[in-house]
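Structure record follows, encoded as structure tokens.
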Amino acid sequence: MIWILFVALTAVLLLHFVVHPLWMGRLAVQSSALAPERPNQRRPEPWRKRHTIEVMIPCFNEARALGFKLNNLLKTEYCPKHLTVSVLLDGCDDDSPKVAADFRRRFAQRGIRFQVFNHQQNRGKIHRLNQHIARAKKRAQLVVLSDCSALLSHDALDHVDYAFDDPNLGGLCGHYFHGTDVRLKPHWQRLNKNRMGESALGAVIGGTGAAMALRSCWTQALDSNCINDDFELLMAMTRKGKRTAYEDRFKAIDMAPRSAERIFNQRLRIAAGNVLQLPTLFACLPKLGVQAAAAALMGKGLRAFVPMLLPLWAISFVMLIESLSAGLGMTLVIVGLTAALLSLAMAKGKLPWLNWVKALAGACIGSALQMLGVKVLWRRQWMNYKPKAVAAIKRGLDLSLAAIGLALVLPLFPFIALAIVLDSKGGVFYKQLRVGARHSDRTELIYVVKFRTMSSDAEKSGAQWAKAGDCRVTRVGRFLRNTRLDELPQLFQVLTGQMSLVGPRPERPQFCGELEQSLPFYLERTYELKPGLTGLAQVHQSGDTCLEDVKNKLMYDHAYAASLTGIGSYLAMEAQILFKTVYVVIAAKGH
């Protein structure tokens, strides 16, 4: 009996963890090889009739993400006269309505129809989707659903348009990956490959709210108790006998901050959701072909049961060993528990296996509770870009460290000033207009004050990039730049609140337009973030001499902004930058 149980459980687990991924991977490779080449999307064929598309963006208190999202959609290459962008504000009490209103003029200039539905009461995403998808049926042939935090590729809508040339296609899900949490990269790679394989069989079992397109005439209202709208909307198309597909060129990157949700709670919630999806999955099986139904059962179907099957498999294995050799099974259990306790006692850092245990425990409990009819609480985890506590700590550090810094370096000011005057003609200080913090309704402009390091006529021909070995830099100026001492007067601007001690480098307005055209999301690097005297980009790379230098620094600036989402990550990042700054000054590694 134990042999039968062990073999059966092993076979089921192998189907889910080995056979299904290998099968989907093979299908994905074959479908990629057979994918038709498409013409250049920038020059659509004049004879081709385009679909009317409405992009819907559900939003609840996501002002910062909404600004990025709308700026992203302004750069789409899809034909403006066939495109509508709708923002669904569901009882927002932050700046989201103001952010959306500020974009009206910019969309009008592009010729894109732009709608803002500012609902005063929070009724939930499902209610708003039902309400607005029903409205869109009269105006748009296709509805594209995309979360606030998800940025679409510039040609994403063109690929959606081409895919729906298939008259039997009901739904399309895109290629999704998370841009701020590297832990999730392997998971999304596997899931995208599975979806590509399922697409080859004609039915994708669930999609993502970051990038999903639906044929509006076939959509139907979701149940008010629905938990996973991404899954239900696609499966509704399958129940109608329509094809659903995956398009890897319909790309979306999620820029939401790394989730603060504990892994136990996360797995409990996801496992309960998998169980809730089973009735919908079973209802769709008669509409699927034999291979598609088998793939659905091996993948999504077994996923609801695997959390409970894994512990059963482990118990059956121990019992099997015990039946073969009395005492050996219990010995293995005792040795395993002892090793786990020792590693916990001696551990100096995080234990990867402990996260696996927490995840499995959460998944088992979530599945069991849902099967027993116990409702698992579903609560969306909202995280502000920069919590008030982080903002308060950052300002406190700015004031205290700037005051201490000035007390230490102020005696150096007369000597630096004397050296500058003796070395070259001109003033001691140099004042230059820079772009400061950006907000939803304005952009700050500040004058940055430095010790003069170049000749007084250095920019008589206009603003220009600095160069390695720049002849405009004076002898004293070269020393000041290498040691970053030319930045010391900005400590006063930190005290007055114009700048922060740590932040992105402030850029000149003359260069901002060029950089924004060449580097997507360049201007967003200072969104609600004051420029800094030093920063992650400044300590890892010297002064900008070309566009490529700025491109490299842009990644550092956004990484620093992402660290501000939590107190722990912020303090760790701030300490790293400040210590590295001290090293750069002492070792003269600047510029």
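Computed FRET efficiency, Cβ-Cβ of Leu324 and Leu408, R0 51 Å: what is it to the nearest 0.05? Provide the component values of the computation, followed by the final result.
Values: r = 73 Å, r/R0 = 1.44.
E between Leu324 and Leu408, to the nearest 0.05, is 0.10.
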For Tyr583, Tyr430, Tyr246, give me the order by solvent-accessible area with a 1.4 Å probe, most accessible first, ignoring ligands, DNA and RNA. Tyr583, Tyr430, Tyr246
At 7 Å along Cα-to-Cβ for each site, give me the label-to-label distance between Ala11 and Ser400 in nm. 6.6
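Of the listed pairs Lys185/Lys553; Lys251/Lys388; Lys49/Lys185; Lys75/Lys300; Lys242/Lys300, which have alpha-carbon separations greater than 30 Å here?
Values: Lys185/Lys553 23 Å; Lys251/Lys388 33 Å; Lys49/Lys185 37 Å; Lys75/Lys300 36 Å; Lys242/Lys300 19 Å.
As for pairs spanning more than 30 Å Cα to Cα, those are Lys251/Lys388; Lys49/Lys185; Lys75/Lys300.
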Taking the convex hull of the alpha-carbon atoms of the range 278-324 and averaging its shadow over every direction gives an area in square nanometres of 4.2
Suppose R0 equals 35 Å. What FRET efficiency, 1/(1 + (r/R0)^6) with r the Cβ-Cβ distance, do Leu74 and Trp188 give to the nearest 0.05? 0.85
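Using a 1.4 angstrom probe on the protein heavy atoms only, could you order Arg135, Arg452 from most to least accessible area?
On the way: Arg135 65, Arg452 15 Å².
Per-residue accessible area, sorted high to low, gives Arg135, Arg452.
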Gain on full stretching of the segment that runs from Lys138 to Ala283 - 0.36 nm per residue minus C-alpha separation: 49.3 nm
Placing +1 on the Cβ of each Lys and Arg and -1 on the Cβ of each Asp and Glu in the range 52-258, which of Val116, Gly241, Ser96 has its Cα farthest towards the positive end of the resulting dipole? Val116
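Before anything else, pin down the relative contact order of the range 52-258: Cα pairs under 8 Å, at least 6 apart, normalised by residue count, whole percent. List each step's numbers first, then the result.
Details: 425 pairs, mean separation 53.8, N = 207.
That works out to 26 percent.
Set the Förster distance to 41 Å, then compute FRET efficiency between Ala108 and Ser224 from the Cβ-Cβ distance, nearest 0.05. Mind dumping the intermediate values first?
On the way: r = 36 Å, r/R0 = 0.87.
Result of the calculation: an efficiency of 0.70.
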Can you compute the modelled spin-label distance between Val290 and Lys81, with each label point 7 Å from Cα toward Cβ, in nm? 5.1
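Expected output is a single nm value to one decimal: the length gained when fully extending between Arg475 and Lys49, i.e. 0.36 nm times separation in residues minus the C-alpha distance. What is it? Walk me through the intermediate numbers first.
On the way: separation 426, 0.36 × 426 = 153.36 nm, distance 6.52 nm.
Working it through step by step, the gained length comes to 146.8 nm.
Where nothing but the Cβ of Lys and Arg (+1) and of Asp and Glu (-1) is charged, how large is the charge dipole of the range 48-141 around its Cα centre, in debye to the nearest 20?
Details: 20 positive and 8 negative charges, 145 e Å.
With Lys and Arg at +1 and Asp and Glu at -1, about 700 debye.
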Could I have the simple spin-label model distance between Val421 and Ser456, label points 7 Å from Cα toward Cβ, reported in nm to one decimal? 1.3
Only four residue types carry charge here, +1 at the Cβ of Lys and Arg and -1 at the Cβ of Asp and Glu. Report the dipole size of the range 214-286 about the Cα centre in Debye, rounded to the nearest 20. 160
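The values are calculated or read from the model by the stated rules, or taken from the named source; none is laboratory data. Values in this document were obtained by computation on a predicted structure and should not be read as measured data. Every residue, glycine among them, receives a Cβ derived from its backbone with ideal geometry; neighbour counts consider all protein chains shown. Note: accessible area is taken over every heavy atom of the protein model, side chains too, but ligands, DNA and RNA are not part of it. Shrake-Rupley method; radii C 1.70, N 1.55, O 1.52, S 1.80 Å.
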